[in-house]
Amino acid sequence: MQFLSPKIRIQNKSFRLKLREDRAVLIVCFGIALTFWLLVKLSQVYRTDKNIVFEIQIPSEKAFLAVPPKDVVALIEGQGWDLTFDFFYNPNIVLKFDLRQTNRLDLNRAQLRTAINNSFSSKDIKIIELNYEELHLALDEKLNKKVPVKLNRDITVAPEYEFKDQPILTPDSIVITGPASVVEGFNEWNTDSLIRSEVKNSVTTELNLAKAPSELILSATKVNVEVPVEQITEKSFFIPIEVLNAADSINIFPKTIRLTCSVGLSKYEELSASNFQLVVDLTEATSSGTKNTAPIILQQYPDFVENIKYSPLSVEFFIVEAEGSGEK
């Protein structure tokens, strides 16, 4: 057994060397086969789509009436070699134009295809199909216009709750930039819809602005929105009735009535009887000496109260003739 051990190691070593040589030969053969396969494949004709990108220089005081399309695609054909080199040379077809001396760019079918063909790295590449057969671009004066943001909302509050104040938008206005003939048509800009129901707490959220046409740029695309909501309660007062256009001697009944209204908790303390005015106009009253009625008119009240109620709705008035004025 002592003499066999060295012999076994030598055989294993020889076997390993032979195995490594076989692997190297296999890898070389695989590499050669792959090379020939690539040569055959790349020599064949293929078709592929390629995006077209426009790089157009325009004056800083001008804007596109309609921006260059971003979905122009050409179906091209060529040998694998040419298409591969062209891809690395220019992944996209880039068409460059200068409009600093003119207000229009008009390309017919032939002109557009010629411009695309001139961008290829090989003249053997051909255009098979193009999803745009012509291109027409025009410039207009650039205009910046500031407009208010309008909240597009559908919010209802729960019973015994109300809107505490108008919605707060931040920012409350934006600047629209684009061609003057388009920008001038906008006097406000809407938000996306804000829909809530049975609200009991103030609503605070972020909303996207309505999407702008491609030829316009907005100074902001989102706004922060706060819709203040608060609980309401009831408050009552006794309000004196003022008589307008009354005769010298007149009595009304009642002279004071009870008025009830709903008010938000934030305004509860500042609301008082002096915020209301109830009047009776006796312009048409006659001195018949009989019992008459006149409606009570709510002449003044604060705009932050709701559900104003008072009773009665009319007063009785008595016109008293002076002594000795009657017929003998």
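The numbers here are math on the coordinates, done by the rules we state, and not lab data. As the structure is a computational prediction, the values presented were derived from the model and not from experiment. In this analysis, Cβ positions are derived from the backbone assuming ideal geometry, glycine residues included, and neighbour counts consider all displayed protein chains.
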Open item on the list: Through the Karplus equation 6.51 cos²θ - 1.76 cosθ + 1.60, θ set to phi - 60°, convert the phi angles of the range 47-56 into ³J(HN,Hα) values in whole Hz; use x for Gly and Pro.
Closed with: 10, 8, 8, 9, 6, 10, 10, 9, 10, 10
Task: Distance from the range 112-153 to the range 39-97 (C-alpha centre basis), Å - done: 13
TODO: Enumerate the amide H contacts of I56 below 5 Å, restricted to partners 5 or more residues apart or on another chain; note that Pro and chain-start residues carry no placed amide H.
DONE: F97
TODO: Using amide H atoms built 1.01 Å from N in the peptide plane, name the residues 5+ places from L65, or on other chains, whose amide H lies under 5 Å from its own.
DONE: A138, L139, D140
- [ ] Percent of Cα-Cα pairs per 10 Å bin, from 0 to the last occupied bin, for the range 232-319, please list those.
- [x] 16, 45, 24, 12, 3
- [ ] Report, ordered by chain and residue number, the aspartates and glutamates lying within cross-link reach of K62, taken as a straight Cα distance under 14 Å and ignoring same-chain residues fewer than 8 apart.
- [x] D98, D140, E141, E215
Task: Overall Cα dimensions of the range 47-133 - principal axes, largest extent first, Å - done: 45, 23, 19
TODO: For T293, list long-range residues whose amide hydrogen, built 1.01 Å from N in the peptide plane, is under 5 Å from its own amide hydrogen.
DONE: F317
- [ ] Using only Cα positions of the range 142-227, each an equal point scatterer, no hydration layer, compute I(q)/I(0) via Debye at q = 0.12, 0.13, 0.17, 0.21 Å⁻¹ and quote the log10 values to two decimals.
- [x] -0.41, -0.47, -0.69, -0.92
Task: Sum of side-chain charges, Y161 neighbourhood, beta-carbon under 13 Å (Lys, Arg +1; Asp, Glu -1) - done: -2
TODO: Could you go through the range 98-107 in sequence order and give the Karplus-derived ³J(HN,Hα) for each residue, using 6.51 cos²θ - 1.76 cosθ + 1.60 with θ = phi - 60°, rounded to whole Hz, and x for Gly and Pro?
DONE: 10, 10, 6, 10, 8, 9, 9, 9, 10, 10
Open item on the list: Longer than 18 Å from Cα to Cα, which of K50/K126; K164/K200; K50/K70; K70/K142 are they? Say none if no pair is.
Closed with: K70/K142
Task: Charge tally in the Cβ shell below 14 Å around F85, where Lys, Arg are +1 and Asp, Glu are -1, F85 excluded - done: -1
Task: Note, ³J(HN,Hα) from phi for the range 117-131, Karplus 6.51, -1.76, 1.60, rounded to Hz, x at Gly and Pro - done: 4, 5, 8, 6, 6, 10, 6, 7, 7, 10, 8, 8, 8, 9, 7
